[in-house]
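The structure appears below as structure tokens.
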Amino acid sequence: MAANHKVIHGDDLIYRFLRDLFANDPDRRFGAVARSLIAATAIWFPVNLYSTLPVLAPFVVRDTSARGGRGKPDEWSSPDSRGYLRDDNSMIKGLPRSLDIRAPAQPHLNGRRMGTEFVAAHVWRVTADGGPLASRRPLLNSFVPNLVWVPSQIAKLTDLERQVVQRTLQGMSWLLYHDVDVHSSMADVAKEAWALLPPPDLAYMGDVTSVDWNFFIHTDRFLTTRFQRIDLVRAAATEVLQGITPSTKVISTRYTEGLPGVDHDALRDLRRFLNRFSRA
């Protein structure tokens with residue numbers, strides 16, 4: 001009988017090296033390394049997109065059980081009991097797939113589009129009120145300052161709570177977005193979202209600037225599509241409340257078929273929440 005040998009993947013070695021490097025750094029000597037790493041590899045949404053629509057898909061929440069497994073069916077993109085679309089992060093991950101990247105300091109990134117091996121990382125996992133994780137909340141799951149796209153091995157580092165890479169991301173996001181004026185129609189949305197995110201230690205950030213960071217270049221079509229999908233879900237909720245079965249597909253077949261089964265009080269709450277995201 002052949003021996004059952006364990007294997008190690010090359011990418012895991014990179015993650016383990018960086019994890020151990022930052023973990024054994026009580027004096028923060030490697031803070032500058034983390035900042036350089038994120039500045040070189042992370043891709044953010046631009047500030048002007050955030051100021052127009054601070055939450056890109058407010059009808060979507062992350063639900064790691066949506067893909068099923070272990071005898072449970074795949075229920076990805078079906079509505080949960082509140083009417084929100086259940087996502088395993090793949091829908092959020094794909095949001096900027098069609099967008100070009102502006103990367104002034106990274107010629108190999110500049111003008112390209114995102115390929116494989118990128119992950120949509122949530123900058124904050126825990127929230128200030130100690131409630132559900134940020135990705136489980138429709139206000140925060142696709143809140144622009146809470147999203148960044150990084151290579152998969154770096155994404156693992158962002159999940160290490162309160163360690164250097166996560167803290168660096170939070171500081172960079174805060175400096176980039178927090179003081180930006182959001183359109184008056186959604187200023188309260190942004191204020192409420194920020195109130196749920198623990199402020200980072202900005203003294204730890206040192207002297208940083210976003211001049212050479214990497215950004216997606218959003219288009220009018222991208223923004224219009226985001227508003228149209230919000231409108232589509234809101235209209236479908238209204239139809240169901242009126243006893244009408246949606247006549248067209250709403251985001252996905254599973255979501256369309258499952259929406260009529262959602263409690264009407266929950267649908268009213270969903271519609272009320274989505275009313276906050278009407279295009280001015």
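A few points about this structure:
- Computed over protein heavy atoms with a 1.4 Å probe, the accessible surface of the range 60-175 works out to 42 Å² per residue.
- Cα centroids of the range 137-154 and the range 240-280: 24 Å apart.
- With the simple spin-label model, which puts each label point 7 Å out from Cα in the Cβ direction, the I217 to R82 separation comes to 3.7 nm.
- Length released on extending from A235 to R162, taking residue separation times 0.36 nm less the Cα-Cα span: 22.2 nm
- Ellipticity at 222 nm from helices only: DSSP H runs of n ≥ 4 in the chain, each -39500 (n - 2.57), divided by the residue count, give -11000 deg cm²/dmol.
- Gain on full stretching of the segment that runs from Q228 to S185 - 0.36 nm per residue minus C-alpha separation: 13.8 nm
- Order by protection proxy (mean Cβ within 10 Å, highest first), peptides 148-158, 87-97: 148-158, 87-97
- Partner lysines whose Cα lies under 27 Å from the Cα of K6, excluding those fewer than 8 positions away in the same chain, are identified as K156.
- Approximate spin-label separation R272-R97, in nm, with each point projected 7 Å along Cα-to-Cβ: 3.6 nm
- Taking Lys and Arg as +1 and Asp and Glu as -1, the other residues whose beta-carbon sits under 11 Å from that of W149 total +1.
- Straight-distance candidates among the aspartates and glutamates for linking to K93, with alpha-carbon spacing under 13 Å and chain neighbours fewer than 8 residues away dropped: E117.
- Normalised by the number of residues in the chain, the mean separation of alpha-carbon contacts (under 8 Å, six or more apart) gives a relative contact order of 27 percent.
- Added length on full extension, which subtracts the Cα-Cα distance from 0.36 nm per residue, K72 to E257: 64.7 nm
- Charging the Cβ of each Asp and Glu at -1 and of each Lys and Arg at +1, and nothing else, the dipole of the chain about its Cα centre rounds to 440 debye.
The values are calculated or read from the model by the stated rules, or taken from the named source; none is laboratory data. Keep in mind it's a predicted model, so treat the numbers as computed, not measured. Using ideal geometry, Cβ is built from the backbone for each residue, glycine included, and neighbour counts are taken over all protein chains shown. Areas reflect the complete protein model, heavy atoms only, side chains present, ligands, DNA and RNA absent. Shrake-Rupley method; radii C 1.70, N 1.55, O 1.52, S 1.80 Å.
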